Amino acid sequence: MSPHSLADFETDHDLPRDQYETRLEALQHRLELIQAAYIAQGLKGIVAIEGWDAAGKGGLVTRMNATLDPRYCKVWPISAPSREEAARHYLWRFWQRLPGNREIAVFDRTWYGRVLVERVDGFTPEPRWRAAYDEINAFEAQLQADGVRLVKIFLHITQEEQNKRLEERIRTPWKRWKTGKDDYHNRSMRSAYVTAYEEMFRRCSPPTAPWHVVAANDKKWARVRSLELICETLGAGVDLRWPEPDADLVAIAEQALGKTLD
């Protein structure tokens with residue numbers, strides 16, 4: 001069942017470090033197998049990530065991609081559209097970034113900006129952003145009809161936890177690049193964002209492409225839970241058995257190497 005209320009996802013988990021590392025390693029290995037199957041079988045997938053500022057989106061992407069082959073996994077950090085992009089339909093720039101066969105695309109923020117920041121900050125007239133719910137559902141249905149496996153993750157943190165992380169980003173020199181004035185503007189609009197997020201969940205969570213809200217006050221738990229969801233969705237129905245070696249290739253290799261390959 002799709003989530004409706006963010007208040008239901010404010011649990012403070014506490015995953016011990018040793019359990020986190022064990023589970024993370026296992027999930028990363030499973031993702032390696034899933035990616036290998038995608039490459040061998042010509043499959044394609046999308047991981048769409050939304051969430052509050054400082055909720056841990058970047059940390060999740062880092063752990064997800066840590067052991068994957070970067071030639072077949074592309075990360076798209078989405079910010080404000082360029083002038084060229086803004087002159088076209090808002091989905092145009094996402095069509096340019098869709099994965100091809102053998103690829104997985106990761107979107108750090110997504111096409112849902114139309115019904116989030118553009119709605120909250122008034123960048124788009126209400127009739128247009130309201131029309132976007134049906135447009136987005138149709139867009140995602142087209143992707144899935146084309147064979148794309150789609151998983152949508154929303155990282156939720158409380159206001160108290162966000163305050164702690166924003167303060168840490170200023171106090172820690174190497175984290176300062178992660179924060180800016182927009183974080184505090186968005187923080188001031190939290191109530192409006194809660195309303196926008198919850199309507200997004202209601203309107204854009206069909207059974208084939210539901211939103212998964214992950215309680216993210218504990219970064220370790222959130223990473224593990226998110227990777228579980230990613231593995232479940234990207235790996236659904238995928239044959240993860242090792243492919244048999246090609247007989248002609250084996251014959252060529254045996255002749256070239258001067259030995260029998262069992």
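The values are calculated or read from the model by the stated rules, or taken from the named source; none is laboratory data. All values derive from a computational prediction rather than experimental measurement. Ideal geometry is used to build each Cβ from the backbone, glycine not excepted, and the neighbour counts take in all protein chains shown. Quick note on the areas: whole protein, heavy atoms, side chains included, nothing else; ligands and nucleic acids left out. Shrake-Rupley method; radii C 1.70, N 1.55, O 1.52, S 1.80 Å.
Taking all protein chains together and a probe of 1.4 Å, list 95, 221 from the most accessible to the least accessible.
95, 221
For a protection proxy built on the mean count of beta-carbon atoms within 10 angstrom, sort 246-253, 178-185, 100-107 highest first, please.
Ranked from most to least packed, the peptides come out as 100-107, 178-185, 246-253.
First select every other residue whose beta carbon is under 12 angstrom from the beta carbon of residue 166; then total the charges, Lys and Arg +1, Asp and Glu -1.
Taking every other residue near residue 166 into account, the sum is +2.
Once the piece of chain linking residue 199 and residue 145 is laid out straight, how much longer is it, given 0.36 nm per residue of separation minus the C-alpha distance between them?
17.0 nm
With +1 on the Cβ of every Lys and Arg and -1 on the Cβ of every Asp and Glu, and nothing else charged, how large is the dipole of the chain about its Cα centre, in debye rounded to the nearest 20?
880 debye
Mind ordering 158-164, 53-59 by average Cβ neighbours within 10 Å, highest first?
Going from most to least packed, we get 53-59, 158-164.
Can you give the relative contact order of the stretch 1-154 as a percent, counting alpha carbon pairs under 8 Å and 6+ residues apart?
With pairs under 8 Å counted, the relative contact order is 33 percent.
Mean separation of Cα pairs under 8 Å and 6+ residues apart, divided by the residue count of the chain: what relative contact order is that in percent?
33 percent
Output ³J(HN,Hα) for the stretch 245-256: one whole-Hz value per residue in order, computed from phi by the Karplus curve 6.51 cos²θ - 1.76 cosθ + 1.60 with θ = phi - 60°, and x for Gly and Pro.
Taking θ as phi minus 60°, the curve returns x, 5, 4, 5, 5, 4, 4, 5, 5, 5, 5, 5 Hz for the stretch 245-256.
Provide, as a two-decimal number, the C-alpha radius of gyration of the stretch 56-190 over 2.2 N^0.38 Å, N being how many residues it has.
Rounded to two decimals, the normalised Rg is 1.18.
Please report, in whole Å, how far the alpha carbons of the chain spread along each principal axis, starting with the longest.
For the chain, the Cα spread along each principal axis is 70, 44, 37 Å.
So which of 44/220; 164/219; 44/175; 74/152; 44/219; 74/181 end up more than 24 Å apart, counting from Cα to Cα?
Table pairs above 24 Å Cα-Cα are 44/220; 44/175; 44/219; 74/181.
Can you give me the solvent accessible area of residue 79 with a 1.4 Å probe, rounded to the nearest 10 Å²?
Counting only protein heavy atoms, the figure is 80 Å².
First measure r as the distance between the Cβ atoms of residue 247 and residue 138, then evaluate 1/(1 + (r/R0)^6) with R0 = 45 Å and state the FRET efficiency to the nearest 0.05.
0.50
Given Cβ point charges of +1 (Lys, Arg) and -1 (Asp, Glu) and nothing else, what value in debye, to the nearest 20, does the dipole of the stretch 72-121 about its Cα centre take?
100 debye
Non-local amide H neighbours of residue 149 (under 5 Å, H modeled in plane, Pro and chain starts lacking H): which ones?
Correct list: 44, 45, 46.
Place a +1 charge on the Cβ of each Lys and Arg in the stretch 107-262 and a -1 charge on the Cβ of each Asp and Glu, then give the dipole magnitude about the Cα centre in debye, rounded to the nearest 20.
1100 debye
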